[in-house]
Amino acid sequence: MTQAPGTARAAVLGSPIAHSLSPVLHRAAYAALGLSGWSYQAIECDEAELPGLLAGLGPEWAGLSLTMPLKRAVLPLLDSVSELAVEVGGVNTVLFDGGGGRHGDNTDVHGIVAALGEAGVRAPGSAAVLGGGATAASALAALRDLGLDTATLVVRDPGRAADTLRVAERLGVKLSVRGFDALPDAAATDLVISTLPSGAADRMAGALAGVPALLDVAYSPWPTAAAETVAAKGGTVVSGFAMLLHQAVRQVELMTGRGDVPVAAMRAAGEAELARRAAG
């Protein structure tokens, strides 16, 4: 929606936000693209603060990246929302049209599909998703894009999965909901996508040992216990960093209007920052 002017601002919003990797990725893209007038920062912002922050942004703003807890809270504050974002019920990207209009989009789905494709996972015959939040909704959309019309959702309390079931219905995906106690059976699939917070899936590592492919959205610290277990059995493991990278690539494309976004430069900058944090 935007074309790259000489100077523009962008940011990632969320709470907590201090450890977001997004500034490193986006700034690396700007540097490689020669967008010396572009800036990208991390801004601490919760749901209550979001309306006021959006209202105070000037015409120099190109776009925003959103993380928790804002992906759903932003929906009523937008002028338009992409069909995909409506389907998953979550926006992680806000684009400004220069005239004050706010457009919401979702690049998490692209990030998941691209990360899996990069690892050679392109057409799983079956899949399970762990967790029931906004990222799980994007995971279901990604599975649909990979050709699946059925999936299993594994959550702590199946009785609280109503929102995710509604997402699945909008996506046309038939969803079977199971509790964590059913994980050994539910994980008997070609692909498991864990959308649980970092460390939350560690106690489930044994049940995931024989999974052919695992995408764990966690990426720091890495590898997770689940990733190590799957890899040790010869399975394909995809880290959350790959997902984060590819969704950021799509965000840069949307915000700058450029089609030559430097994936390699962004990957190198992100990996270097993760190594620095691990050492420090």
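The values are calculated or read from the model by the stated rules, or taken from the named source; none is laboratory data. Not measured: the values here are computed from a predicted model. Note that each Cβ is placed from the backbone with ideal geometry, even for glycine, and that neighbours are counted across all protein chains shown. Side chains are part of the model used for accessible areas, which takes the heavy atoms of the whole protein and leaves out ligands, DNA and RNA. Shrake-Rupley method; radii C 1.70, N 1.55, O 1.52, S 1.80 Å.
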request  = Mind telling me which of the residues Thr195, Thr229 ends up being among the polar types (S, T, N, Q) and farther than 22 Å from Lys71 by Cβ?
outcome  = Thr229
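Can Asp105 be described as more than 30 Å from Val211 (Cα to Cα), touching a residue at least 60 places away in the same chain (Cβ under 8 Å) and under 18 Å from the mean Cα position of the chain (by Cα)? Before you say what the answer is, go through the steps one by one.
On the way: more than 30 Å from Val211 (Cα to Cα): yes; touching a residue at least 60 places away in the same chain (Cβ under 8 Å): yes; under 18 Å from the mean Cα position of the chain (by Cα): yes.
Yes.
Just to check your reading of the model, which residue among Gly104, Gly125, Gly111, Gly117 is of a type in the set (Gly, Ala, Ser) and farther than 27 Å from Ala161 by Cα? Quick ask: steps written out before the conclusion?
Working: Gly104 fails: farther than 27 Å from Ala161 by Cα; Gly125 fails: farther than 27 Å from Ala161 by Cα; Gly111 fails: farther than 27 Å from Ala161 by Cα.
Residue meeting the stated conditions: Gly117.
So if I check each of Arg160, Arg178, which one is touching a residue at least 24 places away in the same chain (Cβ under 8 Å), in contact with a Ser or Thr (Cβ under 8 Å, 6 or more places away or on another chain) and basic (Lys, Arg)? Step through it out loud before you land on a result.
Values: Arg160 fails: in contact with a Ser or Thr (Cβ under 8 Å, 6 or more places away or on another chain).
Arg178 is the lone residue from the list that is touching a residue at least 24 places away in the same chain (Cβ under 8 Å), in contact with a Ser or Thr (Cβ under 8 Å, 6 or more places away or on another chain) and basic (Lys, Arg).
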query = Within the range 216-232, can one find any residue that is farther than 28 Å from Val24 by Cα and surrounded by 21 or more Cβ atoms within 10 Å (Cβ to Cβ)?
reply = yes
remark   = Counted residues in the range 88-108 being over 19 Å from Leu13 (Cα atoms) and buried (at least 21 other Cβ atoms within 10 Å of the Cβ) come to 1
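How many residues does the range 171-189 contain that are in a helix (DSSP H, G or I) and surrounded by 15 or more Cβ atoms within 10 Å (Cβ to Cβ)? Steps first, please.
Initially, the range 171-189 is screened for residues in a helix (DSSP H, G or I), giving 171, 180-186.
Now narrow it down to the ones that are surrounded by 15 or more Cβ atoms within 10 Å (Cβ to Cβ): 171, 180, 182-183, 186.
Within the range 171-189, residues that are in a helix (DSSP H, G or I) and surrounded by 15 or more Cβ atoms within 10 Å (Cβ to Cβ) number 5.
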message = As an exercise: evaluate Gly133 against (1) in contact with a helix residue (DSSP H, G or I) (Cβ under 6 Å, 6 or more places away or on another chain); (2) open to solvent by less than 40 Å² (accessible area, probe 1.4 Å) and give the number of the one condition it does not meet.
response = (1)
Members of the range 253-269 that are over 19 Å from Leu64 (Cβ atoms) and crowded, with 20+ Cβ neighbours inside 10 Å = Ala269
key: the range 141-164, residues that are part of a helix (DSSP H, G or I), among the aliphatic types (A, V, I, L, M) and under 16 Å from Thr195 (Cα atoms)   = Ala141, Ala142, Leu143
request  = Output yes when any residue across the range 19-40 is assigned to a loop (DSSP other than H, G, I, E, B), in contact with a Ser or Thr (Cβ under 9 Å, 6 or more places away or on another chain) and within 18 Å of Gly98 (Cβ to Cβ), and no when none is.
outcome  = yes
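How many residues, within the range 216-234, are within 22 Å of the chain's Cα centre (by Cα) and either more than 21 Å from Ser22 (Cβ to Cβ) or of a type in the set (A, V, I, L, M) (or both)?
Quick first cut of the range 216-234, residues within 22 Å of the chain's Cα centre (by Cα) only: 216-228, 230.
This time we only want the ones that are either more than 21 Å from Ser22 (Cβ to Cβ) or of a type in the set (A, V, I, L, M) (or both), so: 217-218, 223, 225-228, 230.
Residues in the range 216-234 being within 22 Å of the chain's Cα centre (by Cα) and either more than 21 Å from Ser22 (Cβ to Cβ) or of a type in the set (A, V, I, L, M) (or both): 8 in total.
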remark   = Per the filter on the range 70-81, residues within 18 Å of Ala136 (Cα to Cα) and open to solvent by 40 Å² or more (accessible area, probe 1.4 Å) are Arg72, Leu75
request  = Just give me the residues in the range 190-212 being surrounded by fewer than 20 Cβ atoms within 10 Å (Cβ to Cβ), modelled with pLDDT of 95 or more and closer than 16 Å to Ala139 by Cα, in sequence order.
outcome  = Asp190
note = In the range 195-230, anything closer than 15 Å to Gly131 by Cβ, out of contact with any Asp or Glu (no Cβ under 7 Å at 6 or more places or on another chain) and of a type in the set (Val, Ile, Thr) is listed as Thr195, Val217
